[in-house]
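The values are calculated or read from the model by the stated rules, or taken from the named source; none is laboratory data. Given the structure is predicted, the values throughout are model-derived calculations rather than measurements. Backbone-built Cβ (ideal geometry, glycine too); neighbour counts: all protein chains shown. All accessible areas refer to the heavy atoms of the entire protein, side chains included, with ligands and DNA or RNA removed. Shrake-Rupley method; radii C 1.70, N 1.55, O 1.52, S 1.80 Å.
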Amino acid sequence: MFWDKKIETMKPAELRELQLKRLKKTLDQVQHVEFYRNLLSKAKIKKISIKSLEDIQKIPFTKKQDLRNGYPFGFFAVPLKKIVRIHTTSGTTGKPTVVGYTRNDLDKWSDLIARNMTMVGITENDVFQNMVNYGMFTGGLGFHYGAEKIGMTVIPSATGNTKRQIEMINDFGVTTIHCTPSYAMHLSEVAEEMGTTLDSLKTGLFGAEPWSESTRKTLEKRLGVTAYDSYGMSELFGPGVAFECPERDGLHIWHDSYLVEIIDPKTGEQVSDGERGELVITPLVKEAMPLLRYRTGDVTMLMEDGCLCRRGKKIARFTGRSDDMLVIRGINVFPSQIEHVLLKIPEVGNQFMVYIDRINHLDEMTVDVEINRDSFSGELADLARLQKKVVKELRDSLELRTTVRLVEPGSLPRFEGKAKRVIDRREAI
């Protein structure tokens with residue numbers, strides 16, 4: 001089951017030749033970005049300096065903060081009139097990371113999604129319900145366009161209204177769903193409460209948050225699906241970067257479109273296959289926003305063994321982050337984002353604690369923040385208004401619902417060293 005068998009099963013030597021050709025084209029493309037002109041000039045690197053794939057190690061890394069510093073369009077390599085879509089990811093200090101796409105980018109991206117879905121046996125005869133965010137994040141539209149490219153019947157149900165989601169699955173004969181694993185667990189419980197079964201379902205595509213083999217088995221039992229893991233990142237198009245094949249032992253990353261390195265996050269040196277480290281990716285087919293050696297922050301490894309499906313080296317399931325990013329309901333959140341929001345509200349102080357819990361299989365975030373007595377009247381009505389204000393400001397910034405508890409000044413812990421403001425009480429799902 002191949003979408004593009006020739007590309008997906010290229011011989012190693014032929015693949016390396018294509019990767020080097022596309023890497024050099026990417027080096028040409030980044031010359032339209034001031035950041036990269038300066039970066040490569042300072043490192044004294046020209047296209048002729050890159051004679052082999054191994055030479056990529058001469059190029060400095062690109063970090064997420066670099067992209068934030070380029071807000072809004074500093075990393076676009078084409079004129080704005082050629083950008084046909086913009087997505088964003090959350091920013092740590094109020095400004096998001098902006099990602100742009102040309103028409104060709106969207107075609108390449110949907111093609112990668114089509115590869116993933118075809119690889120696990122999904123065809124034009126399937127009915128696909130896409131239960132993820134259709135806003136500025138990339139999860140919804142990425143899978144939507146890939147599914148349409150295959151020719152599937154697509155139901156863009158987005159998030160929320162779980163009972164209605166279940167009704168649509170049964171009424172429309174949905175065979176394939178896409179959502180976060182935690183929402184899938186919630187979906188199964190609500191279906192059970194409603195006294196209904198989801199007999200039409202065959203395949204579940206789950207991603208955007210870490211999940212375990214035990215969760216896979218539970219979801220497969222409760223939903224009657226075969227469950228597959230998906231990985232992506234908006235800066236690299238979105239979902240579709242890597243995906244499980246029917247072997248379900250590691251994720252295939254599309255090496256014709258992404259040059260992969262695993263590095264020691266402290267030294268920046270490449271590690272051997274089978275050794276865990278931070279995933280670094282150079283996209284090879286992006287027009288609007290080419291990147292060089294982008295540090296994803298995700299911890300994984302290149303697997304040493306091949307795969308029966310002949311699609312090349314896989315990466316292992318992700319085991320964590322090399323930074324302090326949290327993934328809550330599929331949304332990336334940094335503690336510094338929360339701090340930035342709170343510092344703008346004079347009625348609260350700069351001391352806060354964040355607690356992450358999993359309740360009924362869904363992530364819930366609670367923020368404790370101290371009241372600033374100098375800016376607060378002490379009236380109960382004002383307390384309620386302040387609490388609503390903090391909730392709204394956090395929701396507007398994070399695009400995530402939070403519970404806020406206002407506490408007495410001096411009641412939260414102080415730290416002599418690096419502050420540990422996040423207590424993640426979720427068990428591995």
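For segment 319-347, how many residues are open to solvent by 10 Å² or more (accessible area, probe 1.4 Å), of a type in the set (A, V, I, L, M) and assigned to a strand (DSSP E or B)? Full working, then the answer.
Step one: of segment 319-347, the residues open to solvent by 10 Å² or more (accessible area, probe 1.4 Å) are 319-327, 329-332, 334-336, 339-340, 343-344, 346-347.
Subset that is of a type in the set (A, V, I, L, M): 325-327, 331, 343.
Pick out the ones that are also assigned to a strand (DSSP E or B) and you get 326-327, 331.
Adding up the residues that qualify gives 3.
May I ask you to list the residues in segment 156-195 that are of a type in the set (D, E) and closer than 14 Å to E220 by Cα? Result: E189, single match.
The single residue among T62, T89 that is polar (S, T, N, Q) and out of contact with any helix residue (DSSP H, G or I) (no Cβ under 7 Å at 6 or more places or on another chain) turns out to be T62.
Residues of segment 400-414 that are part of a loop (DSSP other than H, G, I, E, B), modelled with pLDDT of 85 or more and open to solvent by 80 Å² or more (accessible area, probe 1.4 Å): R401, E408. The set of residues in segment 214-233 being touching a helix residue (DSSP H, G or I) at 6+ places or on another chain (Cβ under 9 Å) and under 22 Å from R68 (Cβ atoms) consists of G232 alone. Listed by first and then second residue, the pairs with beta-carbon distance under 6 Å, at least 6 apart or on different chains, first residue in segment 26-39 and among the hydrophobic types (A, V, I, L, M, F, W, C), second open to solvent by 40 Å² or more (accessible area, probe 1.4 Å) and at pLDDT below 95, are L27/K47. The helices (runs of 4 or more DSSP H) located wholly in segment 133-210 include none with 3 or more residues which are open to solvent by 10 Å² or more (accessible area, probe 1.4 Å) and outside the structural domain of P96 (by TED's automatic domain parsing).
Please enumerate the residues belonging to segment 351-392 that are in contact (Cβ under 8 Å) with a residue 40 or more places away in the chain, of a type in the set (D, E, K, R) and surrounded by fewer than 16 Cβ atoms within 10 Å (Cβ to Cβ). Once the filter is applied, which keeps residues that are in contact (Cβ under 8 Å) with a residue 40 or more places away in the chain, of a type in the set (D, E, K, R) and surrounded by fewer than 16 Cβ atoms within 10 Å (Cβ to Cβ), segment 351-392 yields D357, K389.
Among the residues examined, F352 does not qualify as of a type in the set (F, W, Y) and either assigned by TED's automatic domain parsing to the domain that holds T296 or over 20 Å from E408 (Cβ atoms) (or both). Inside segment 83-132, residues that are assigned to a helix (DSSP H, G or I) and not aromatic (F, W, Y) make up a count of 16.
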